[in-house]
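Participant: What follows is a structure written as C-alpha cells; I'll ask about it next.
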Amino acid sequence: MLPVNWRGDGQEFCLLSGNSKEGGMIDGKLRRVWIYTQDRPFTGEKIYAPVRNPEYNESNYRTTVSLPEWSPVKVKR
C-alpha cells in the first residue's frame with residue numbers, strides 16, 4: 001500500500017494496486033474511492049505536501065512513510 005496525496009487538503013488515500021477490478025484506492029475508513037481526475041481546481045493559501053522517503057531508497061521491501069507538511073501556494077499572475 002502506498003500513500004497518495006490526491007486532494008491536497010491533508011487527507012491521503014492508500015493505493016492498493018493499479019488493478020482495475022481488485023485494486024484502486026481506499027480512504028481512511030477503508031472505503032474504495034475511484035478517481036479519474038480532480039473535479040475542481042485547488043483553492044486555498046497552503047497545500048498539503050507530505051514529506052516521503054527519498055526516491056533513491058525505493059524498494060518493494062520497505063514501508064513508505066508520509067510525514068505531514070504544508071507548503072504555500074504560488075499565485076500565478
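Participant: For segment 53-76, enumerate the residues that are among the acidic types (Asp, Glu) and surrounded by 10 or more Cβ atoms within 10 Å (Cβ to Cβ).
Facilitator: Glu69
Participant: Also: Just checking, does segment 33-50 include any residue being surrounded by 10 or more Cβ atoms within 10 Å (Cβ to Cβ), charged (D, E, K, R) and within 14 Å of the chain's Cα centre (by Cα)?
Facilitator: No, every residue in segment 33-50 fails to be surrounded by 10 or more Cβ atoms within 10 Å (Cβ to Cβ), charged (D, E, K, R) and within 14 Å of the chain's Cα centre (by Cα).
Participant: Oh, and also: With segment 1-41 as the region, which strands (runs of 3 or more DSSP E) entirely inside it contain at least 2 residues that are under 22 Å from Ser71 (Cα atoms)?
Facilitator: Of the strands (runs of 3 or more DSSP E) lying wholly inside segment 1-41, those with at least 2 residues that are under 22 Å from Ser71 (Cα atoms) span 2-4, 13-17.
Participant: Quick check on Ile26: is it in contact with a Gly (Cβ under 6 Å, 6 or more places away or on another chain), modelled with pLDDT of 80 or more and β-branched (Val, Ile, Thr)?
Facilitator: No, not satisfied.
Participant: Collect the residues in segment 32-51 that are touching a strand residue (DSSP E or B) at 6+ places or on another chain (Cβ under 8 Å) and under 28 Å from Lys21 (Cα atoms), keeping them in residue-number order.
Facilitator: Arg32, Val33, Trp34, Ile35
Participant: Do we have any residue at all in segment 7-21 that's surrounded by 11 or more Cβ atoms within 10 Å (Cβ to Cβ) and touching a Cys at 6+ places or on another chain (Cβ under 7 Å)?
Facilitator: no
The values are calculated or read from the model by the stated rules, or taken from the named source; none is laboratory data. Treat the numbers as computed from the prediction; the structure is a model and nothing was measured. In this analysis, Cβ positions are derived from the backbone assuming ideal geometry, glycine residues included, and neighbour counts consider all displayed protein chains.
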